[in-house]
Every structure is written in structure tokens, then in C-alpha cells.
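Below: the structure, in C-alpha cells.
Every number here is computed from the coordinates shown, using simple stated rules; none is lab data. Keep in mind the model is a prediction, meaning the values are calculated, not measured. Here the Cβ is made from the backbone with ideal geometry for all residues, glycine too, and neighbour counts use every protein chain on show.
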Amino acid sequence: MYSVVLGLHSWIRWAALALGIATTIAAIVDRSGRGSSRLGLFFMMTLDVQMLIGLLLYLALSPFTRTALDDFGAAMRNPSLRYWAVEHAATMMLAVVLAHVGRVLARTARTPDARRTREIVCVGLSTVLMVVATPWPGMANGRPLFRV
């Protein structure tokens, strides 16, 4: 079960990153502020699914977080366990919150320029946070680009 859910989490990451980049570019290019709205919705929905799968891994299935949660003090002294128990989870959660806040701020903006600016900042920062917190190959906690 763990490997299936982990594989799904890994593959959905690509959709989330692609939608984050596409939404940011659409907000930059579209002066009316309307073109990125649908992309932003799909981006946020993909992030929500990704977060739910991540929480399933974090709270129930991952041997890394199970070990970390058993002795959190020891996990904080172990860089690999700390990454999975705190750094990855907290940064990704922040990315999801930022995407939701950005969507609300964009929808409540009074002018198209304000809408566009809010969306560019929030979705752009959310996407950057996802890129930073992704365990890329070659990093200390790196994972494969594509799980099979």
C-alpha cells in the first residue's frame, strides 16, 4: 500500500508543478485577469489532492515519519528524519495555504490589475515553495523523478 500511495504522490507532483507554472504564466500574460482563473482552480484542486495523499503518507503509511514521530527529539537531530518530519511537510503545507489565500485574494480584488498581481505573487510563491521542498534526485533526501 505504501509504495502505491507514494507512487501516486510522486506522479501528482508533476501535475501540481505544471499547473502552478501554467497558472503563473497565464496570470502574467493575461491582462484581464480572467484567463488564469480556471487554471488556478485546477492548480488548487491538484494541491489539495496532493496534500491529502501526503497526509496519508505522513500520518499512516510512511516508515520515515513513523520513526520520527516515535521519538521526535531524536528525529530533530537526524537530518534525514527532520527533513521528512518537518521541513518537507511544513513547506508543502505552506505552499497549499498560500495557493488558497492567493485564490481568495484574487477573487476579492477590485481591479483586474490587483487580481493579476495577487495571483502572480501567491501562485508564483506557492510554486517556488513546491520546487524548493521537492526531494529532487541528487539532494541528500532525493527521490527518483518518476516512480514506477
Expressed in nm², what is the orientationally averaged projection area of the convex hull enclosing the Cα positions of the chain?
9.0
Taking square-rooted eigenvalues a ≥ b ≥ c of the alpha carbon gyration tensor, is the range 1-56 rounded, prolate or oblate, where a/c under 1.5 means rounded and, failing that, a/b exceeding b/c means prolate?
prolate
Give the residue from THR117, LEU98, GLY138 lying farthest towards the positive end of the charge dipole for the chain; charges sit on Cβ (+1 for Lys and Arg, -1 for Asp and Glu) and the dipole is referred to the Cα centre.
THR117
Could you give the size of the charge dipole of the chain about its Cα centre, using +1 on the Cβ of each K and R and -1 on the Cβ of each D and E, expressed in debye and rounded to the nearest 20?
440
Report, in deg cm²/dmol and to the nearest 500, the calculated mean residue ellipticity at 222 nm for the chain, where each DSSP H run with n ≥ 4 adds -39500 (n - 2.57) and the sum is divided by the residue count.
-24500 deg cm²/dmol
Ranking MET45, LEU57, TRP14 by how far each Cα lies towards the positive end of the charge dipole of the chain (+1 on Lys and Arg Cβ, -1 on Asp and Glu Cβ), the top one is MET45
Pair ASN78, PHE146: separation of 7 Å Cα→Cβ label points (nm)
3.2
